[in-house]
1. Within the range 72-122, which residues are part of a loop (DSSP other than H, G, I, E, B), open to solvent by less than 80 Å² (accessible area, probe 1.4 Å) and in contact (Cβ under 8 Å) with a residue 12 or more places away in the chain?
2. Answer yes or no: is there a residue in the range 218-230 that is surrounded by 15 or more Cβ atoms within 10 Å (Cβ to Cβ), over 30 Å from residue 319 (Cα atoms) and among the hydroxyl-bearing types (Ser, Thr, Tyr).
3. Which condition breaks for residue 235 when tested against (1) closer than 19 Å to residue 269 by Cα; (2) open to solvent by 60 Å² or more (accessible area, probe 1.4 Å); (3) among the hydrophobic types (A, V, I, L, M, F, W, C)?
4. Take the residues in the range 176-191 that are hydrophobic (A, V, I, L, M, F, W, C), closer than 8 Å to residue 165 by Cα and assigned to a helix (DSSP H, G or I), then tell me which one is least open to solvent (accessible area, probe 1.4 Å).
5. Filter the range 559-594 for residues that are open to solvent by less than 50 Å² (accessible area, probe 1.4 Å), within 16 Å of residue 528 (Cβ to Cβ) and of a type outside the set (Val, Ile, Thr) and give the result.
6. Within the group 241, 297, which residue is hydrophobic (A, V, I, L, M, F, W, C) and open to solvent by 50 Å² or more (accessible area, probe 1.4 Å)?
7. Test residue 663 against the stated conditions and say whether it is open to solvent by 70 Å² or more (accessible area, probe 1.4 Å) and either assigned to a loop (DSSP other than H, G, I, E, B) or at pLDDT 85 or above (or both).
8. Name the residue that is farthest from residue 50 (Cα to Cα), counting only residues in the range 124-142 that are open to solvent by less than 70 Å² (accessible area, probe 1.4 Å) and in contact with a Pro (Cβ under 8 Å, 6 or more places away or on another chain).
Amino acid sequence: MNEVSNSAEILSVAAFDSHPLELHPYTQYEQLMDALPQMMWVANADGAINYLNQAWSETLGVAIADSLGLRLFDRIHPDDRAIAFRQWQQSINTEQTFELELRFRQVDGAHRRFVVKGRPIVDAANAVEKWVGICTPASQARRVETELEQERELQTVITRNMAEGICLVRLSDNVIVYANPKFEQLFGYEPGELNGQPVAILNYAPDLPAAEAVTREILQQVEQNGEATYTVHNIRKDGTLFWCEATTSIFEHPEYGSVVVAVQQDITDRLQAERELRDKERRFRAIFDQTFQFVGLLEPNGKLIEANQTALDFIGASADQVIGQMFWDCPWWQGSHNAQIQLRDAIARAAAGEFIRYEVELSGADGITATCDFSLKPMRDDTGEIVLLIPEGRDITQRKQAEAKIYQLNAELEDRVARRTAQLAQLNLTLAHTAALLEERNRELDQFAHIASHDLKAPLRAISNLAEWIEADLQGQLPAENQLQMGLLRSRVLRMDALISGLLDYSRVGRTQAAIASVSIRALLEEVIDSLDPPASFAIALAPDLPTLPARQLMLRQVFANLISNAIKHHDRSDGCITITACDRAAFYEFAVTDDGPGIAAEYHDRIFVIFQTLTARDSKENTGVGLSIVKKIVETEGGQIRVESEVGQGTTFRFTWLKQPKDVAPEP
């Protein structure tokens, strides 16, 4: 590509292009032209010279006055005049600058080669008014050209090897005219593939018109401001999207006219890292501000550089009001001068590497205070130097208040316990005395029951014996009615005897301590059934999984004996069936005695356990009404419960529970 020519030449020609000058001696423009090292000349429309700068005289060795009024062609070598004239005419026709190498005659008659540049100056009617030009010695021009070429080559090498992507965009049609290798690689194109392409293909947008609009907006900014720096969303040839930071500017290119130079660098990774950093900062800030604890950051000298929202809310201040202050001068510490002194000492120790922790009263807004569990933790960098201090405070006001309340309650409780202990000691003495009296009363009751039983049974035995003697003496002489009455007399005597025995047994339940032994329920039931001697037609079935357990055998025997005896006695058939089962119920066994007898109406289910209550007349079926009462009392005394399940005509089931471990015995290990 063509590069810009020598700066002095451009300055000279531009000066004449911009301002058609009427040059007169000693004007400021003459001073400027005289300062230039190149030969400057101004000629009339026909080529007659009317101005030469000082370099003309110094270079050719002729006086300026001797050349004024001569035609420019008069100083040119005769062999060069034809080509000079053709370039002169072409420049008039095109109104463009001409440039060619010509030989000029020096004062000694010798000719020297110069590179001549000239341009016509036209008036409002587009007619040539004058000419301006510059002559540079050919050797100097070639040296300058060589230097410029070397500079262009160096610029090309630099451009090709830059880490940033560079492209030139022709402003007239927004077409890419050059892209360095890095730019092509950045967008995924082959070498030279981008040349001639519209620059809009590089900018990402939902559709082509939108992409072109983005391009126009960017180029308008550059045109208006001369340059622009912005972040742009780009798209590669394969459709991959990425972000670039672009710097653009405009310059005049000798071949392409006005072009935009765009330098772009891929910042996708940087933007991603920045987004991740912002996300982390947001998460940190959310945690930092939402924690219930007071948290901040200090410089090692104690200057506050950060405080979380909890801490700020406590004092009713914004971050701007406290950030930058020395920590001990902040509102949290204004309630106590001693607290400020203690804090300054703590900061100095923490800055030396010590972890500090203590309880302190902090001051808040509206005169409130809070007891805090306060700490200072030093933070080190990779070199081990302490760079930050982290102050942290947990509000323990409620905990301290609770501790004080607990201390007070403990003191009150200890006082109450002492008083209650004294009361219990007195109560224990009373209970011991009462227990002794109760034991004495139980002994007296047992003695009374025994005596009463003996004294009541003795007359009954006499009556029974007397009745038997009368029957024996009058055998065969008593009418049938008298014999029936004598039978009733004996049965009433036997009932009274059984009633007295039942009362004695009932009174003893729970007051006598029977021995505890390992009891096989199957063996126990076999003994009970054998002692009851049921009719041969009566079936009694025992479940195969009956347990063995520690129990007061006498009590358990009495329960089973009463339940089985009742089932036999009150059955409405001689071929009845009784089934006895057991079920494991955690801490209990549940036993069931089921018969297929006449059943019991629901309204009598509670009544049958009341002492002396019977469901049939005693004369029709001998019964004291004490047996089920004794069963209920034994079961409940041993820690169990008993209930009946029955319907008329559907048989009866008595279910009772029995502890696996008797109440007075600790479980085996």
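The values are calculated or read from the model by the stated rules, or taken from the named source; none is laboratory data. Please read all numbers here as calculations on a predicted model, not as lab measurements. Virtual Cβ from ideal backbone geometry, glycine too; neighbours counted across all protein chains shown. Side chains are part of the model used for accessible areas, which takes the heavy atoms of the whole protein and leaves out ligands, DNA and RNA. Shrake-Rupley method; radii C 1.70, N 1.55, O 1.52, S 1.80 Å.
1. 77, 95, 97, 106
2. no
3. Among (1) closer than 19 Å to residue 269 by Cα; (2) open to solvent by 60 Å² or more (accessible area, probe 1.4 Å); (3) among the hydrophobic types (A, V, I, L, M, F, W, C), the lone unmet condition for residue 235 is (2).
4. 183
5. 560, 561, 562, 563, 565, 566, 567, 582, 591, 592 - these are the residues of the range 559-594 that are open to solvent by less than 50 Å² (accessible area, probe 1.4 Å), within 16 Å of residue 528 (Cβ to Cβ) and of a type outside the set (Val, Ile, Thr).
6. After ruling out the rest, the residue left standing is 241.
7. Yes.
8. In this case the residue turns out to be 128.
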